[in-house]
Amino acid sequence: MDTNSSKVKLEIRGLTKKFSATEGVADINLQVYEHELLTLLGPSGCGKTTILRAIGGFNKIDAGSILLDGQEVQNLPPEKRPTGMVFQSYNLWPHMTIYENMAFGLKLRKTPKKEMDAQIADMLALVKMSGCEKKYPGQLSGGQQQRVAIARALVLKPAVLLLDEPFSALDAKIRAQMREELKRIQREAGLTVIFVTHDQEEAMAISDRIAVMKQGCIEQLGHPTEIYDDPHSRFVAEFIGEMNFVEQNGQTLAVRPEDVALQPAAGQGMARVESIMPLGHYTQIVLRGADSTRLKVFVPREQAAQYTLGQGADYTFLRQKVLESA
């Protein structure tokens, strides 16, 4: 999406929330645009969920402001904020039917029955769960329960949908399907979404922009391809995708495995083939140089057939990034 021409939906200014001297976030500044899916990505303990819960009102912040559509909301309780939050554990009430789970918030708003029925039906259709109104959560699969949890949040028409690692409890195949579904739902409903995950592949697949976090700070913010192709630090380069780090002429070069051109050695070779690992449509070859440095290379399966363990190989870098000294 073109953020230059988009309206700012959510703005965070100087957000600070500390649990201890080393835990929490400090002076976070961030803008999220209307209809954008922005992902907070980072390892456990980096502060991404702290920010998400602060936006939703579940963490009382120490300093800063949170503006939704230009209005400050940091002092409002969760139920008074125009946000909807979906948790990793679904948080569906097991003793209530799907209809009752979805109707709970609407009843608190005193929504008329006929209007409530229509809204619930619309949201279940959006997440492809029509007809499950009379079922209980325990009768649904994990993926189905997560769809219902998203529908329950959406039925309240939140200005921003907050998702806290919503797919981490699902198996790999269902996770991939749910990513595709989330993008479809976001597009069809015109949602603004903030998504928290530690899975860089997931972030790359669904995000309009990614904020990579480290130790309570945003290390880099940008479009997925920008962060992948132009990491600003070794931390980002290591965290997003596979990366080789090569010391050359006093500099550290960051080189993606797919940016290494490999050919059989013309003589002794620059390196030896240490391992060959088929990974579906491509093969990973690991080289070991004379100085014991290791280099990971991704090649098409057909090309990999030219190589055997211990064979000499030469290589060149098609693209590289010179990393700044720490």
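The values are calculated or read from the model by the stated rules, or taken from the named source; none is laboratory data. Everything numeric in this text was worked out from a predicted model, so none of it was measured. With ideal geometry, Cβ positions are generated from the backbone for all residues, glycine too; neighbour counts draw on all protein chains shown. Each accessible area value is taken on the protein alone, full model and side chains, heavy atoms only, with ligands, DNA and RNA left out. Shrake-Rupley method; radii C 1.70, N 1.55, O 1.52, S 1.80 Å.
Within the range 12-44, the set of residues being closer than 28 Å to R179 by Cα and either free of Cβ contacts under 8 Å to residues at least 60 places away in the same chain or exposed (fewer than 15 other Cβ atoms within 10 Å of the Cβ) (or both) comprises I12, N29, Q31, P43, S44. Contact annotation: residue pairs with Cβ atoms under 9 Å, 6 or more positions apart or on different chains, pairing a residue in the range 299-318 that is closer than 17 Å to H281 by Cα and among the hydrophobic types (A, V, I, L, M, F, W, C) with a partner that is open to solvent by less than 50 Å² (accessible area, probe 1.4 Å) and in a loop (DSSP other than H, G, I, E, B), are V299/Y307. Checking each residue in the range 214-225 for being more than 12 Å from L30 (Cα to Cα) and touching a Lys or Arg at 6+ places or on another chain (Cβ under 9 Å) picks out G216, H223, P224. Residues in the range 216-229 that are farther than 30 Å from E23 by Cβ and surrounded by 14 or more Cβ atoms within 10 Å (Cβ to Cβ): D229 alone.
Taking the range 121-132 as the range and being without any contact (Cβ under 8 Å) to a residue 40 or more places away in the chain, closer than 16 Å to V155 by Cβ and surrounded by fewer than 18 Cβ atoms within 10 Å (Cβ to Cβ) as the test, the residues that pass are A121, D122, A125, S130. Just one of the listed residues (L76, L140, L108) is open to solvent by less than 20 Å² (accessible area, probe 1.4 Å) and under 27 Å from T49 (Cβ atoms), and it is L140. If the condition is being within 27 Å of V236 (Cβ to Cβ) and hydroxyl-bearing (S, T, Y), then the range 265-323 contributes S275, Y282, T283, S292, T293, Y315, T316.
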